[in-house]
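What follows is a single structure, written as structure tokens, with notes after it.
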Amino acid sequence: MNALFSSRLKQARIMQGLSMDALCEKAGNALSKQSISKYETGKMMPDSKSLIILANALGLSVDYFFRPLGVVVERVEFRKKSKLGKKQELAIKEVVKDNLERYFEIESFNDIKSEFKPICRNVLIQSEDDVFSFVTRIKSEWKLGEDGINNLIEILEENQIKVIEIDAPNSFDGLSGYVNDKNPFIVLNRNCNSERKRFTALHELGHLILTFDSSIDQRGVEQLCHLFASEMLISKDVFIQRIGLNRKDISLQELQDIQIQFGISIDALMHKAWALNIVTESRYKTFHIKKNRNQQFKEEVDRSRYKTEQTNRFVRLVYRALASEIISISKAGVLLNVPVGVVRNQLSLV
């Protein structure tokens, strides 16, 4: 019990990005740093009063500190150009771990066993052509057409890839990894717009399912994952069909129409046009110069025009278990991390 509580307390503190001194302050200095240190090292357990003080200071239920540990998060990687500080990265990792623990717990309550099936086994990515071929295969395997991917997050979860959305700084796009070395997950910043969120989800999917030749450096891997995301959203053949092979200029209206249908940003579309030699490098540079100098043009380019997408499966599973009387309203509140009153108001049985 001491070991469990100490692990949970440390996880909760790191999730909040708090030092022990800062936690003391949030607790109104009702607890000493020495006491918190002893709690986290398992040398001492808090009494009931101290436990409630800690729970209130961290915004958690008392049940949280005694929830069994059952998830081992492995192979978690932030993008190499991440601007997050070390403390922010640690906080995000613990938030992700907490979300995944609750996700697997509710699947267990509903007697659901996630089983991810590796995609296109034994395919080694050595070049851009390999990425194009891989995208064709995965679209066929997942029965995706060429008219644009609708409800991308739902499709990922239908294929046993858990998607977690968290509140994070704007500098954070996403990350991916595996739970217990077999269950893949993707983490997205809830505060990103639809196009950025979709592109990030597919970029991270690339990290999860593509096997790169050992000769490709990290920068090359990132570029190929970007290509994978772009090609998944709109294939080069469809893009060329819509835009043409050689263009001196492209109208913003043309790109907006593609953005609305395929859920890909104008920036990504212009990059694709340059990468496919539809526009010259000089013309691509001119686009960025205009965007940097003309605020009105920048706002038009950066505007999100695709419908909002979000992950709903976890919430659905909680209410499924609640409606089936597998869990109580209080347990649902703990899993959803919301007050019991909110759960009760949203529960509508038919």
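The values are calculated or read from the model by the stated rules, or taken from the named source; none is laboratory data. Model, not experiment: these values are computed from the prediction. Counting neighbours? That spans all protein chains shown, and the Cβs are built from the backbone with ideal geometry, glycine included. Just so you know, the surface numbers come from the protein's heavy atoms only, side chains and all, with ligands and any DNA or RNA stripped out. Shrake-Rupley method; radii C 1.70, N 1.55, O 1.52, S 1.80 Å.
For the stretch 145-213, chymotrypsin sites (Phe, Trp or Tyr not before Pro) are listed when DSSP marks them as loop and at most 13 other Cβ atoms sit within 10 Å of their Cβ; the list is empty.
Compute the long axis of helix 128-141 from its Cα atoms, compare it with the longest principal axis of the Cα atoms of the chain, and write down the angle in degrees, 0 to 90, nearest 10. Around 70 degrees separate the two axes.
In units of the compact-protein estimate 2.2 N^0.38 Å, the stretch 244-333 shows a Cα radius of gyration of 1.77. Taking a ≥ b ≥ c as the square roots of the eigenvalues of the Cα gyration tensor, an a/c ratio of 1.5 or more together with a/b larger than b/c marks the stretch 139-253 as prolate. Sorting Ile53, Ile125, Ile260 by solvent-accessible area of protein heavy atoms yields Ile260, Ile53, Ile125, largest first, with a 1.4 Å probe. Candidate cross-link partners of Lys26 among the lysines, defined by an alpha-carbon separation under 16 Å and a same-chain spacing of 8 or more, comprise Lys10, Lys49. Over 19 Å apart at the Cα level, from the set Lys87/Lys331; Lys83/Lys291; Lys139/Lys236, are Lys87/Lys331; Lys83/Lys291.
Of the residues Phe212, Val135, Val123, the one whose Cα sits farthest toward the positive end of the charge dipole of the stretch 79-223, with +1 on the Cβ of Lys and Arg and -1 on the Cβ of Asp and Glu, is Phe212.
Placing +1 on each Lys and Arg Cβ and -1 on each Asp and Glu Cβ, with no other charges, gives the stretch 1-126 a dipole about its Cα centre of roughly 600 debye.
Treating only the Cβ atoms of Lys and Arg (+1) and Asp and Glu (-1) as charged, compute the dipole magnitude of the stretch 157-248 about its Cα centre; round to the nearest 20 debye. Let's see the in-between values first.
Values: 11 positive and 13 negative charges, 95 e Å.
Approximately 460 debye in magnitude.
State the antiparallel share, in %, of DSSP beta bridges confined to the stretch 58-199, rounding to the nearest 5. Antiparallel: roughly 65 percent of the beta bridges in the stretch 58-199. By the helix-only formula, in which each DSSP H run with n ≥ 4 contributes -39500 (n - 2.57) and the sum is divided by residues, the chain has a 222 nm mean residue ellipticity of -17000 deg cm²/dmol. Applying the criteria of a DSSP loop state and at most 11 other Cβ atoms within 10 Å to the chymotrypsin sites (Phe, Trp or Tyr not before Pro) of the stretch 295-330 yields no site.
What fraction of the DSSP beta bridges in the chain is antiparallel, stated in percent and rounded to the nearest 5?
Values: 9 of 16 bridges.
Close to 55 percent.
With Cα atoms defining each centre, the stretch 221-237 and the stretch 1-77 are spaced 42 Å apart in the structure. Among the trypsin sites (Lys or Arg not before Pro) found in the stretch 217-316, those both in a DSSP coil and sparsely packed, with 14 or fewer other Cβ atoms within 10 Å of their Cβ, are Arg247, Lys248, Arg303, Lys307. Listed values for the stretch 333-349 are Karplus-derived 3J(HN,Hα) couplings in whole Hz (6.51 cos²θ - 1.76 cosθ + 1.60, θ = phi - 60°), namely x, 5, 5, 7, 6, 9, x, 4, x, 5, 4, 4, 5, 8, 6, 10, 7, and x replaces Gly and Pro. Farthest towards the positive end of the charge dipole of the stretch 203-350, among the residues Ile250, Ala321, Val343, is the Cα of Val343, using unit charges on the Cβ of Lys, Arg, Asp and Glu.
In debye to the nearest 20, how big a dipole does the chain give about its Cα centre with +1 on each Lys and Arg Cβ and -1 on each Asp and Glu Cβ? Before the final figure, lay out each step's value.
Values: 51 positive and 45 negative charges, 175 e Å.
So the magnitude is around 840 debye.
The H on the amide N of Ile149, modeled in the peptide plane, is under 5 Å from the matching H of no residue at least 5 residues off or on a different chain.
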